[in-house]
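The values are calculated or read from the model by the stated rules, or taken from the named source; none is laboratory data. Given the structure is predicted, the values throughout are model-derived calculations rather than measurements. Protein only, heavy atoms only, side chains kept; ligands, DNA and RNA dropped before computing areas. Shrake-Rupley method; radii C 1.70, N 1.55, O 1.52, S 1.80 Å.
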Amino acid sequence: MDTLNNVITKRFSKSLVCLLKVVDPERKHKVDALLANKWDKLTLAEQRKLYLFLLYRRWRGLPFFGTPYEIVCNCHPQPFNWNGQPMINRLMKETKMVRAFYNGNYGIYTADEARIWEMTDVEPLN
């Protein structure tokens with residue numbers, strides 16, 4: 001028999017499940033309708049920005065603060081400029097990277113970040 005938490009997780013969108021695998025892989029926090037409702041109120045672009053921001057934060061070994069609900073409510077995602085970062089060489093081998101203009105500056109971003117944050121002056125790097 002499934003637990004209530006498992007049933008609720010199965011009912012919710014796959015995108016929320018993917019987000020939870022990033023921010024709460026050990027399933028320490030309950031998934032409830034309040035979280036799902038907050039997630040569903042975000043636009044698709046906002047969901048994608050939040051997911052990428054948190055995924056890349058995890059890749060860099062940075063912690064998350066709060067419950068998944070608090071993260072969805074309070075997080076203000078920004079693209080990460082990978083220029084000069086220790087992971088950039090490995091990342092360039094695994095992910096399509098671009099040079100792009102965002103928020104008044106040029107930087108090195110993943111192609112996904114450039115697309116989702118609608119960056120300008122995008123040039124492929126690899």
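Measuring from the lowest to the highest alpha carbon on each principal axis, how far does the range 66-126 reach, largest first, in angstroms?
Ordered largest first, the range 66-126 gives principal extents of 37, 25, 17 Å.
For Cα Rg over 2.2 N^0.38 Å, one of [x] 1.00; [y] 1.17; [z] 1.31 was computed from the structure I shared and the rest are decoys. Which label?
Given [x] 1.00; [y] 1.17; [z] 1.31, the structure-derived one carries the label [y].
Taking only protein heavy atoms into account and a 1.4 Å probe, give the accessible area per residue of the chain in Å².
64 Å²
Per-residue accessible area for I108 at 1.4 Å probe radius, Å² rounded to 10?
Taking all protein chains as shown, I108 has close to 20 Å².
Hey, in the GNM for the chain with a 10 angstrom Cα cutoff, which one of T110, T67, T43 fluctuates hardest?
Result: T43 has the largest fluctuation of those listed.
So what J values fall out for the range 108-122 if you push phi through Karplus, 6.51 cos²θ - 1.76 cosθ + 1.60 with θ = phi - 60°, rounded to Hz, Gly and Pro as x?
9, 10, 6, 4, 5, 4, 4, 5, 5, 8, 6, 6, 10, 6, 7
Report the relative contact order of the chain, percent, no decimals, based on alpha-carbon pairs under 8 angstrom and at least 6 residues apart.
Once normalised by length, the contact order is 20 percent.
Carbon and sulfur together cover what percent of the accessible area of the chain at a 1.4 Å probe radius?
Carbon and sulfur together cover 52 percent of it.
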